[in-house]
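The values are calculated or read from the model by the stated rules, or taken from the named source; none is laboratory data. Just so it is clear, the model here is predicted, and its values are computed rather than measured. Every residue, glycine among them, receives a Cβ derived from its backbone with ideal geometry; neighbour counts consider all protein chains shown.
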Amino acid sequence: MDAPVIVVGAGPAGLVLAAELRLAGVDVIVVERLHERTGESRGLGFTARTMEIFDQRGLLPRFGEIETSNQGHFGGIPVDFGVLEGAHQAAKTIPQSTTEAVLEEWARELGVDIRRGHEFQEVRDDANGVEVTVRSSEGEHVLRAGWLVGCDGGRSAVRKSVGFDFPGTAATMEMFLADIRNIELDSRMIGQTLPGGMVMVGQLPGDITRIIVCERDNPPQRRTESPEFSEVADAWKRLTGVDISHAEPVWVSAFGDATRQVTEYRRGRVLLSGDAAHIHLPAGGQGMNASIQDSVNLGWKLGAVIRGEAPEALLDTYHGERHEVGRRLLMNTQAQGLLFLSGEHMQPLRDVFSELVRYEEVSRYLAAMVSGLDIHYDVGSGSNPLLGYRMPKTELVKDQRRRDSTELLHRGRGVLLDLEDNPTLRGRAGPWTDRVDVVTAERARESGPLSGTAAVLVRPDGYVAWAAPGSDHDLPMALERWFGPARND
């Protein structure tokens, strides 16, 4: 066997998944058809939840100085994300090219085998593993692995090879995205609705200006190459009356509003993550962020199954949890598209939304949805409000030193956080300490999200799987559910 896992695609989803598998102690090969990173930046910035995830892995310092903001929007309607107490602000201007460079460096440091210039051709799946045919400059060859994960984007060859059902709606329009130089344009960070469509303008690091152009009457095309910048400039002039043809294009892309999601995230020994599993209008910059979160959810589970610590049924929770997240992602991006890209007949609805977001509860609901902070997993019933939600960043005191709770997850392991120095509780977790770190600490403040909570069990992806008081099942049951049977010494 060449490796326990083969990942197809070295974008953010594939690199994060590979790194998470290495944190779990599993060898992985990443095959990528491109010989080098493109330098293109379709995704831009991180949502609050992705900021938390990178913080939990100690990655944020690698991105340097990060420009953050509480200002966001829902379908072009301004929303104040500052109503989300205790959350990271969103990062606004980190190009996907920078994200991929940081993630690739991290993955290689962890020992990931990344093979560029290797294009996936087909896979044969059987009860014992997969045989993956790959083409490189040396011809075709076959790799053998226990599992295959397709992280190869919206046109996923893995998805097509295996025959995953991919229902949804086809694109109804084509939009342009371009990064350009040597031009000054008024900022339109959350976009501007015009009689014929919508335009957006934002500044990237350096002297790069990003523009997005949407003409409502521009039907989708089947393209094999990127559009010419002249098409973008012509569309811009028709909508705004401004001539930008003299600008220097850095790169140009076209995209549509197709919305699709696979019916299952796993078939046998083949799984999908990221855009391979769901495509949608890139409203609010959620696509790359959701893809990263797919991979963080999958990585530790697949690692535990491969190591023989957890039953294969644990992988069923990957589909169960992330398919519902994907469904809601498609729902909110479709809703934003209707608000943002429809004609004047939608103005009354925009006006109603503009009034509603003045209510803090409505703003909090929409901000949490777009940020990924409203995600809730079924971890069992109980009254503790933390159950099933992400563990919020909390200041702790351990060994007379203040530290953030995010530090506890740097190793990508589960954590039992004992906040009342309870040796009985720690003893009950003893048979799982090969998989779960048991940490005793105090709250730095009596108030906050951990107020009234004596202990929490946090999964490697940062979600609370058990809490005391307030869980309707005991700690050993939760440990076995998420981390496999107890160790027999």
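Points worth noting:
- Where strands (runs of 3 or more DSSP E) fall wholly inside region 198-285, the ranges with 2 or more residues that are of a type outside the set (Val, Ile, Thr) and over 27 Å from residue 368 (Cβ atoms) are 248-256.
- Of the residues in region 285-296, none is surrounded by fewer than 24 Cβ atoms within 10 Å (Cβ to Cβ) and over 24 Å from residue 72 (Cβ atoms).
- The set of residues in region 335-378 being buried (at least 20 other Cβ atoms within 10 Å of the Cβ), among the hydroxyl-bearing types (Ser, Thr, Tyr) and out of contact with any strand residue (DSSP E or B) (no Cβ under 6 Å at 6 or more places or on another chain) consists of 371 alone.
- Test: residue 339 is at pLDDT 90 or above, hydrophobic (A, V, I, L, M, F, W, C) and not assigned by TED's automatic domain parsing to the domain that holds residue 297: no
- Top-ranked residue of region 196-207 - restricted to ones that are over 25 Å from the mean Cα position of the chain (by Cα) and buried (at least 17 other Cβ atoms within 10 Å of the Cβ), ranked as farthest from residue 249 (Cα to Cα): 197
- Contact map, region 347-361: first residue in the same structural domain as residue 336 (by TED's automatic domain parsing) and among the charged types (D, E, K, R), second residue modelled with pLDDT under 95 and in a loop (DSSP other than H, G, I, E, B), Cβ cut-off under 8 Å, separation 6 or more or different chains; pairs are 350/75; 350/76.
- Counted residues, region 392-450 - those being buried (at least 17 other Cβ atoms within 10 Å of the Cβ), among the polar types (S, T, N, Q) and farther than 21 Å from residue 476 by Cα: 3
Matching residues to (1) closer than 30 Å to residue 245 by Cβ; (2) in a strand (DSSP E or B); (3) in contact (Cβ under 8 Å) with a residue 24 or more places away in the chain; (4) not assigned by TED's automatic domain parsing to the domain that holds residue 32:
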| position | (1), (2), (3), (4) |
| --- | --- |
| 132 | no, yes, yes, no |
| 145 | no, yes, yes, no |
| 183 | yes, no, yes, yes |
| 186 | yes, no, no, yes |
| 193 | yes, yes, yes, yes |
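- Filter result for the condition that a residue is closer than 26 Å to residue 226 by Cα, in contact with a Lys or Arg (Cβ under 9 Å, 6 or more places away or on another chain) and either assigned by TED's automatic domain parsing to the domain that holds residue 408 or modelled with pLDDT under 90 (or both), over 45, 39, 76, 86: 45
- Extreme residue, surrounded by the most Cβ atoms within 10 Å (Cβ to Cβ), among residues of region 14-34 that are charged (D, E, K, R) and not in a loop (DSSP other than H, G, I, E, B): 20
- Strands (runs of 3 or more DSSP E) within region 386-489 that include 3 or more residues among the charged types (D, E, K, R): 401-404
- Residue within region 329-343 that is within 24 Å of residue 20 (Cα to Cα) and assigned to a helix (DSSP H, G or I) present: yes
- Within region 420-453, if we keep just the residues that are touching a helix residue (DSSP H, G or I) at 6+ places or on another chain (Cβ under 8 Å) and aliphatic (A, V, I, L, M), the residue that is farthest from residue 401 (Cα to Cα) turns out to be 429.
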